[in-house]
Amino acid sequence: MDTSSESKLPASSASFWLASTEVSSFDKLTTDLTVDVAVVGGGITGISLAYLLAKEGKQVALLDAGRLLNGTTGNTTAKITAQHDLIYDELIHHIGEEKARLYYEANDEAIAFIRNTVLENKISCDFAEENAYIYTTAEANIAMIDKEWKAYEKLGIPGLRADRIPLPVDAKASIVMPNQARFHPLAYLKHLIKHFINNGGQIFEETTAMSINPGSPLTTVVTRDGTQVKCRDVVSCSHFPFYDVSGFYFARLYAERAYVLGVKLNGDYPGGMYLSADSPPRSIRSVSFNGEDLLLVGGERHKTGQGICTMKHYERLETFVRDTFGSCEIPYRWSAQDLTTLDKVPYIGHVVKNEPHAYIATGYRKWGMTSSTAAALLLKDMILGIDNRYEDLYTPSRFYADPSLKTFLVENADVAKHLINGKLEWVTREPEDVRPDEGAVVRVNGKRAGAYREADGTLYVVDTTCTHMGCEVQWNAGERTWDCPCHGSRFSFSGEVIEGPAKKSLKQIEY
């Protein structure tokens, strides 16, 4: 392969989905409101659920703390597949064969729903059926592929065990899952938004839901600005649940980041969607939209706020792209954050058992396109009082000692370690040492702080203590954000909340 470099990585992070799609904007909620259902979170889960409920004649208000589709949905790789890494052998051992089969069937039904919605409504969103491959280039990992293939056979999952794959990589073993798909998620969701509005739905942006006051017959959602939404049912689709009273979701979820490059190849692409079972994993798929053809190459996952300089992850992906596909142009780079549950199955259902009209959907583990659609279909049935066979599988109140107990102990020990290490860190830099377009941990009046200097010289100094539970945030150079290594909260360089569980901004320090 010709590995000569013809371009550099883009200076700033920008998602192709967001750059190629114009999404309508909506006003902030300024007055109290009464509806049947309040849906909090304007990503694919919230929009899909709001769309489904409005079609059923429900009055629905959709609230988003920022702009619609600017969170994980706008930064996904958008694979529509039930091949969620090497998961089925693991699920059989941890939750049993019956529930493992239900997990596949729920995601397979989600694929069918998206396919039917696209075809019936003639949505132009680059929808295309693709084979999904999981493969390894390491002899030592062939046994993992074989175990997963046996799980496919046991569960009746259609597929094929093969050795080679169409990509120019030295694959030793692979599993093919046919009839999967890919699409442009924002182009698809623009259609759902339009139909939601046409069915009487209401959308409010820049409206941060802060708390719930349960009541009978109506529950009240209270926003940061004090406006209230009274409703029979409320659903948190806000990535990290905005309502976490007695659910302890901060201790039952952990956050990871992963990275994507949008690549223009000089040669042809053989088709298909790919994920390596090796470490670090590599995800590959193509997109063709509005005359632009790109290859999306992802991977390099790590816990939020932890690890090496985040730009190094982009650079490693770039090396992989050039080594594998040769000379190319890279016009886009971006990253996304995902939450994982204790047993790797999403939490979808009642927030807690004793609040029958408060629901959540979270913990998709990077497989949000099918998981979110499965969540919307399940929550729609629960709100309408319709029995759904997936309710027990996804219920947030479940607990499997294996693997949940071990994961709980490991993850919370990791939180404790970073909490302590952040407090003990010795910092020597001063704010005046920070160069243009650089962020760093500094010392101000003897205390730890964070400084970022814009290209024009404007300096921002913030208290680095996360407003969620007091861990010390770390600088993310790739995205120019402050990230918490304990529970995954993220803040802009000037301190505003980007992702929860934190609800309050970092305190700005006058300097």
The set of residues whose placed amide H lies less than 5 Å from the amide H of Ile80, leaving out same-chain residues fewer than 5 positions away, is Ala181, Arg182, Phe183
Report the relative contact order of segment 1-121, percent, no decimals, based on alpha-carbon pairs under 8 angstrom and at least 6 residues apart.
-> 20
Relative contact order for the chain: what is it in percent, counting Cα pairs under 8 Å that are at least 6 residues apart?
-> 18
Within the chain, helix-based [θ] at 222 nm, where runs of 4 or more DSSP H residues each add -39,500 (n - 2.57), nearest 500 = -8500 deg cm²/dmol
Could you work out the Rg to Rh ratio of segment 43-192, with Rh taken as the Kirkwood radius (inverse of the mean 1/r over all Cα pairs)?
-> 1.03
Name the aspartates and glutamates eligible as straight-distance cross-link partners of Lys55: C-alpha to C-alpha under 16 Å, and not fewer than 8 places from it in the same chain.
-> Asp36, Glu120, Asp381
In Hz, Karplus ³J(HN,Hα) per residue of segment 344-351 (6.51, -1.76, 1.60; θ = phi - 60°; x = Gly, Pro) = 6, 9, x, 8, 9, x, 5, 4
Against the globular-protein guess of 2.2 N^0.38 Å, express the Cα radius of gyration of segment 264-399 as a ratio, rounded to two decimals.
-> 1.35
Furthest towards positive pole of dipole, Ile308, Gly495, Thr73, structure part the chain, Cβ charges = Gly495
The rounded separation in angstrom of the Cα centers of segment 38-64 and segment 182-225 is 5
In the structure shown, do any of Lys58/Lys122; Lys99/Lys122; Lys28/Lys503 have a Cα-Cα gap over 29 Å, and if so which?
-> Lys99/Lys122
Per the rule of 0.36 nm per residue minus the C-alpha distance, extending Asn213 to Gln508 adds in nm 103.1 nm
Charge dipole magnitude, Cβ of K and R +1, D and E -1 - the chain, Cα centre, debye nearest 20 | 620
Phi to ³J(HN,Hα) by Karplus 6.51 cos²θ - 1.76 cosθ + 1.60 over segment 159-170, Hz, x for Gly, Pro | x, 8, 8, 9, 9, 7, 10, x, 6, x, 10, 8
Rounded to the nearest Å, what's the spacing between the alpha carbon centres of segment 338-365 and segment 436-474? Just the number, please.
-> 33
For segment 432-503, what is the convex hull (Cα atoms) projected area averaged across all directions, in square nanometres?
-> 4.5
What nm value, rounded to one decimal, do you get for the distance between Ile142 and Ala455 when each label is placed 7 Å out toward the C-beta?
-> 5.2
So what is the relative contact order of segment 259-303, in percent, for Cα pairs below 8 Å that sit 6 or more residues apart?
-> 44
So what J values fall out for segment 14-24 if you push phi through Karplus, 6.51 cos²θ - 1.76 cosθ + 1.60 with θ = phi - 60°, rounded to Hz, Gly and Pro as x?
-> 7, 7, 4, 4, 6, 5, 9, 9, 9, 10, 4
Long-range HN-HN contacts of Arg282 with modeled amide H, under 5 Å | Ser276
Between segment 238-283 and segment 134-153, the alpha-carbon center distance in angstrom = 21
Compute the convex hull volume of the Cα atoms of segment 135-176, divide it by the residue count, and report the result per residue in Å³ as a whole number.
-> 46
Inverse of mean 1/r across different Cα pairs in the chain, Kirkwood, Å = 23.7
Calculate the spin-label point distance for Arg67 paired with Leu119, positioning each point 7 Å from the Cα along the beta-carbon direction, and give it in nanometres.
-> 3.4
Cleavage-rule hits, chymotrypsin sites (Phe, Trp or Tyr not before Pro), segment 65-163, DSSP coil, Cβ neighbours within 10 Å at most 14 | none
Expressed in angstrom and ordered largest first, the alpha-carbon extents of segment 142-260 along the principal axes are 59, 37, 31
Hey, what does the equivalent ellipsoid look like for segment 295-337, semi-axes from the Cα gyration tensor as sqrt of 5 times each eigenvalue, largest first, whole Å?
-> 21, 11, 8
What is the set of long-range amide H partners of Ile498 at a cut-off below 5 Å, with H atoms built 1.01 Å from backbone N?
-> Arg490, Phe491, Ser492
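All of the numbers you see were taken from the coordinates with simple rules; none came from a lab. Here the structure is a predicted model, which means the values were calculated and not measured. Cβ coordinates were reconstructed from backbone atoms using ideal geometry, including for glycine residues, and neighbour counts include every protein chain displayed.
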